[in-house]
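Readers should treat all values here as calculations from the given coordinates under stated rules, not as data from a laboratory. What you are looking at is a predicted structure, and each value in this text was computed from that prediction instead of being measured.
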Amino acid sequence: MYMSVLAYISLGVALCITILTYFVSPDTGLLFTMLPMLLLLGGIPILMNVMNRRYINKLDLRHVRKKKIKEVAKKGIGEQVRISGVVTAISNRWLNRPNYHVLDSSGEINVCMFVAPRVSIRCGDQIEVVGTLRWVLGFKKKEKRIWGLQLVKIPSPS
């Protein structure tokens with residue numbers, strides 16, 4: 001997915017308004033004015049996604065060692081971490097910034113991806129994530145979250 005659902009909805013609404021306005025008052029000047037705006041409305045999210053993917057693909061994160069979630073939670077904010085575990089819940093897919101709740105034998109942590117992964121991730125999938133530790137201000141307390149940069153789906157042994 002190159003654009004979020006919200007971006008597709010915005011583009012669709014703008015396109016419908018443009019078409020309705022043209023049918024009410026058929027003015028080609030309106031179309032020449034609106035066409036570049038519609039192209040920008042659709043093009044900017046796609047361009048940002050491509051730029052984010054290029055940035056992430058250039059990162060060399062091989063030096064980050066894999067740790068248990070309990071150990072990662074003790075690290076300082078801004079440190080790069082690598083974890084692996086099972087996805088227990090997924091949210092915010094529609095914003096193109098999915099959040100994965102990842103569980104291993106030592107604990108659970110939330111991973112918010114910088115860019116949506118190219119592979120489909122479902123609950124129960126085993127994944128490995130590399131990212132940066134950040135604070136999240138929740139309703140009950142301040143907790144740590146991983147701002148995910150790279151995600152790899154680990155194939156299940158069959």
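Do you know the relative contact order of segment 69-154, to the nearest whole percent, from alpha carbon pairs under 8 angstrom that are 6+ apart?
31
Can you give the relative contact order of the chain as a percent, counting alpha carbon pairs under 8 Å and 6+ residues apart?
Computed value for the chain: 20 percent relative contact order.
Once you compute Rg and the Kirkwood Rh from C-alpha atoms, what is the Rg to Rh ratio for the chain?
Values: Rg = 20.2 Å, Rh = 17.9 Å.
The Rg/Rh ratio comes out at 1.13.
For the Cα atoms of the chain, what angle does the longest principal axis make with the long axis of helix 28-58, in degrees from 0 to 90, nearest 10?
Taking the Cα atoms of the chain, the angle to 28-58 is about 20 degrees.
So for segment 59-149, what are the equivalent ellipsoid semi-axes in whole Å, largest first, each being the square root of 5 times an eigenvalue of the Cα gyration tensor?
Working from the Cα gyration tensor, I get semi-axes of 18, 16, 14 Å.
Distance cut-off 19 Å, Cα to Cα: go down the list LYS70/LYS144; LYS75/LYS153; LYS70/LYS153; LYS66/LYS153 and report the pairs above it.
Working: LYS70/LYS144 11 Å; LYS75/LYS153 24 Å; LYS70/LYS153 21 Å; LYS66/LYS153 15 Å.
LYS75/LYS153; LYS70/LYS153, as the Cα separations exceed 19 Å there.
State the antiparallel share, in %, of DSSP beta bridges confined to the chain, rounding to the nearest 5.
DSSP beta bridges in the chain are roughly 85 percent antiparallel.
Taking the radius of gyration and the Kirkwood hydrodynamic radius from Cα positions alone, what is the Rg/Rh ratio for segment 1-66, to two decimal places?
With Rg and the Kirkwood Rh in hand, the quotient comes to 1.27.
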